[in-house]
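Where a number appears in this text, it was derived from the coordinates with a stated rule and is not lab data. Fair warning: this is a prediction, and the values are worked out from it, not measured in the lab. FYI the Cβ positions are ideal-geometry reconstructions off the backbone, even for glycines, and counts take in every protein chain you see.
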Amino acid sequence: MRRASAHAPGRINLIGEHTDYNDGLVLPVALRLGVTVETRGSDDATVRLTTDAPIAPREASYNLGDEHRDGTWVDRARGVTAMLAREGLPIGGFDAEISSDLPLGAGLGSSAAFAIALLRSVSELFDLALDDATSVRIAHAAETNFAGSRAGLLDQLASVYGRRSEALLIDMRDHAMQSIPLAPTIELAVIDSGTRHEHATGGYNRRREECEEACRHLGVASLRELEERPLDTILERLPPPLDRRVRHVVTENARVRSAVAALRAQDEGTLGELLCASHRSLRDDYEVSTPELDRLVELAAAAGAIGSRLVGGGFGGSVIALALRGSAKDLAGRVLNGYSDGRLVAVVP
Ligand code: GLA
């Protein structure tokens, strides 16, 4: 029987949170950590999955063409195989062993990494010759049409095109990408709060609806169109909480641009201030932070971080803390002295 293996990385996002589904700007960096999927062809039409991740179920199986959601992580595999069929890309049954050194649900793009690794592995196994853009599209469709989250494209694009020592500036309006090297003076500690929130998908989808509602109020197709207009007059036209949501998105896009300039100028102080401002905006205006994430950000500031913020969708998950090169690990140690349930997941780059 044929075999194939593929890996796809998780990501941090330096800045630009909840901007992707608003046609905005994001700045992800790929992690070394990710998901590996080893597949072996079988002679029936069954998909059998096993995972080493601490997640239920550890084993699952279903028949191709009979993909029904059950609300577990297996829906992401079902979504991938159902989308391949819908695209007219024929596959047979297979066994897949999934291993991950990326914590799951920690705001680090684990769902997209799994879908991309599975697609790459299956593509090799069945000679589908999927290109990167198709993989991004199918992985995203699997997430949104099948797993029920209305996520944007940040995680899939970052997993496929992201680099470890560079940030990738992506303009979601046209998917134009530009590499922005990380200044040699900086590194980031990625700290998992250990908290996962049940209502994360509901809260995320609600934010997305609020942005759509704001667009209808303002008569624009996306919040990106507001970039050139005076913010105060726009916000006056919106009822709460839509005004706060829009203020986050518009100011966050501006912070991404400023962060790119700060990276180019090797101005870590300004970059740090931008990360802190992003966190405050996500906490107060977008309301996707949690007491645990706020606590980690406060501890990071007290421990001497140049800046810090929650990363990913929020409602639990991880924070990133900016430090001078060579000092992120010690910084994380000081933070975790005051927060025992957390864990240093990675130092970037
Ligand atoms: C999650 C989603 C992304 C993006 C971020 C927030 O990671 O999957 O599409 O919206 O949240 O920036």
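Filtered by the rule that a residue be touching a residue at least 12 places away in the same chain (Cβ under 8 Å), over 20 Å from the mean Cα position of the chain (by Cα) and assigned to a helix (DSSP H, G or I), the stretch 244-270 gives R244, V246, R247, S258, A262, L263, R264, E268, G269, T270. Taking the stretch 1-105 and the strands (runs of 3 or more DSSP E) fully enclosed by it, the elements with 3 or more residues that are within 16 Å of the ligand (Cβ to nearest atom) and within 23 Å of the chain's Cα centre (by Cα) are at 3-13, 28-41. Taken over the stretch 301-312, residues that are surrounded by 24 or more Cβ atoms within 10 Å (Cβ to Cβ) and not hydroxyl-bearing (S, T, Y) amount to 6.
Among the residues making up the stretch 124-148, a single one is surrounded by 18 or more Cβ atoms within 10 Å (Cβ to Cβ) and over 16 Å from T81 (Cβ atoms): V136. Residue by residue through the stretch 195-213, note down the ones that are farther than 30 Å from L263 by Cβ and in contact (Cβ under 8 Å) with a residue 12 or more places away in the chain. Once the filter is applied, which keeps residues that are farther than 30 Å from L263 by Cβ and in contact (Cβ under 8 Å) with a residue 12 or more places away in the chain, the stretch 195-213 yields R196, H197, H199, T201, G203, N205, E210, E213. Could you check, for the stretch 327-339, whether at least one of its residues is surrounded by fewer than 19 Cβ atoms within 10 Å (Cβ to Cβ) and among the polar types (S, T, N, Q)? Yes, the stretch 327-339 contains at least one residue that is surrounded by fewer than 19 Cβ atoms within 10 Å (Cβ to Cβ) and among the polar types (S, T, N, Q). Identify, please: which residue in the stretch 155-170 is hydrophobic (A, V, I, L, M, F, W, C) and in a helix (DSSP H, G or I) and is, among those, surrounded by the fewest Cβ atoms within 10 Å (Cβ to Cβ)? Among those residues, the one meeting the criterion is V160. Among the residues of the stretch 146-168, some residue qualifies, meaning at least one is closer than 17 Å to V37 by Cβ, within 14 Å of the ligand (Cβ to nearest atom) and of a type in the set (S, T, N, Q). Residue count for the stretch 193-230 satisfying the condition of being outside any helix (DSSP H, G or I) and farther than 16 Å from Y286 by Cβ: 13.
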